[in-house]
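Okay, so here's the structure we're looking at.
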Amino acid sequence: MMRAISLNQPSEFEWVTLPGALTPGPGEALVRIRIVGICGTDLHAFKGRQPFFSYPRILGHELGVEVVAVGTGVSHLTEGDLCTVNPYLACGECFACRRGKTNCCIQLKVLGVHTDGGMREEMILPAANLYPSKKLSLEELALIETLGIGCHAVNRSQAQAGERALVIGAGPIGCTVMAFLRLKDVSYEVLDLSESRREFASKMMGASRVHESNKSVLDQTPELPTLVFDCTGNKGSMETSFRYVAAGGKLVFVGLFVGDVTFHDPDPFHRRELTILSSRNAVPEEHRFILDAVESGRINTKHWVSECCPVDQMPERFPVWAEPGSGVLKALVDWR
């Protein structure tokens, strides 16, 4: 038997007992959960605002794990390996998967969202979804999936060196977008209502300018950016973001809002011939690229972590993390 934490309904965690993990089958691996990252998906689920979600659910999809055993046919993993986890369980057969778009598989199941995740002692996973590293800490490995969101969004935008971008929302997802804009030599400004997050974006993420209001963006920007990434998941912000995009530019919705987002067609959309893109999850080759980027030092996430909480304290700390004014950029849960 093993312990797990279940989110039974909004705002209600419970320690539960699960059967012990079984022997991994062909192509599978048994892993011990070591570090779990907390992201917006988890916080929205806690507040009852997460789409595609049902209760009860074991959260946890940003994982740093240790391999305990592997099944037959697995050659890239050995006992004791530390790994990051690709939490997107795709069918591999639908139209999207056949085109390499496993991130939006028609039958996609995301750990901790559509199926139970990693807030438990051990679990069995497809070995193909585990990427080992000899260089990174478990804390760094738990942040690889988060980075995938920004990597995929920037790849969707087809950002080019020398372009200018605006990142709206300087939380964890906004920071991942900034990290990959920087890799592509794209200058970026940041808009966020939080003073602490604006300061972090300026001092730690290399933002060329930070803005605290919509008026600030329009007043201080002599030419509008060609790329705008809205990472807020806020209806008002997403609808306003159309105003910031230069003619012929691209608007990428990274954050998700549960409802309708509307815009005025003639201006700015049609007159400026804007391109609107959504961005969802990431694909395996992006996770592998990110792993290499963090291992090589091109991306440094060590200063992102605000708190690493022992698992026994998580149910008490979670309501604090869910408050917008908490000042927590990234919280981790330690199962060691």
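Read the figures in this text as sums done on the coordinates, not as results from a lab. Note that the structure is predicted; figures quoted are calculated from it, not measured. Don't worry about glycine lacking a Cβ; one is built from the backbone with ideal geometry, like all the others, and counts go over all protein chains shown.
The table that follows gives values for the structure above.
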item	result
CD proxy at 222 nm, helix term only [per DSSP H run n ≥ 4: -39500 (n - 2.57); per residue of the chain; nearest 500]	-7000 deg cm²/dmol
Candidates Gly169, Gly25, Gly60, ranked by Gaussian network fluctuation over the chain, Cα under 10 Å, top entry	Gly25
Distance violations [Cα-Cα > 28 Å] among Lys203/Lys330; Lys47/Lys250; Lys250/Lys302	Lys47/Lys250; Lys250/Lys302
Amide hydrogen neighbours beyond the local backbone of Asp81, cut-off 5 Å, H modeled	Val67
J(HN,Hα) series, segment 58-63, from Karplus relation 6.51 cos²θ - 1.76 cosθ + 1.60, nearest Hz, glycine and proline x	8, 6, x, 10, 9, 10
Cα centroid separation, segment 113-129 to segment 233-293 (Å)	30
Cut-off under 5 Å, modelled amide H: who pairs with Leu329 long-range	Ser306
Three-way shape label, segment 1-77, alpha-carbon gyration tensor, a/c 1.5	prolate
Prolate/oblate/rounded label for segment 51-116 (Cα gyration tensor, a/c 1.5)	oblate
Net length gained if the chain between His270 and Glu316 were fully extended (0.36 nm per residue, minus Cα distance)	11.6 nm
Amide H contacts under 5 Å for Gly117, placed H, 5+ residues apart	Ile58, Leu59, Gly112
GNM result for the chain, Cα springs below 10 Å: residue of Cys83, Cys104, Cys91 fluctuating most strongly	Cys91
Per-pair calculated FRET efficiency, R0 = 25 Å: Lys134 and Met2 via Cβ, rounded to 0.05	0.35
Listed residues Pro225, Pro324, Pro87, most fluctuating in the chain (Gaussian network, C-alpha, under 10 Å)	Pro324
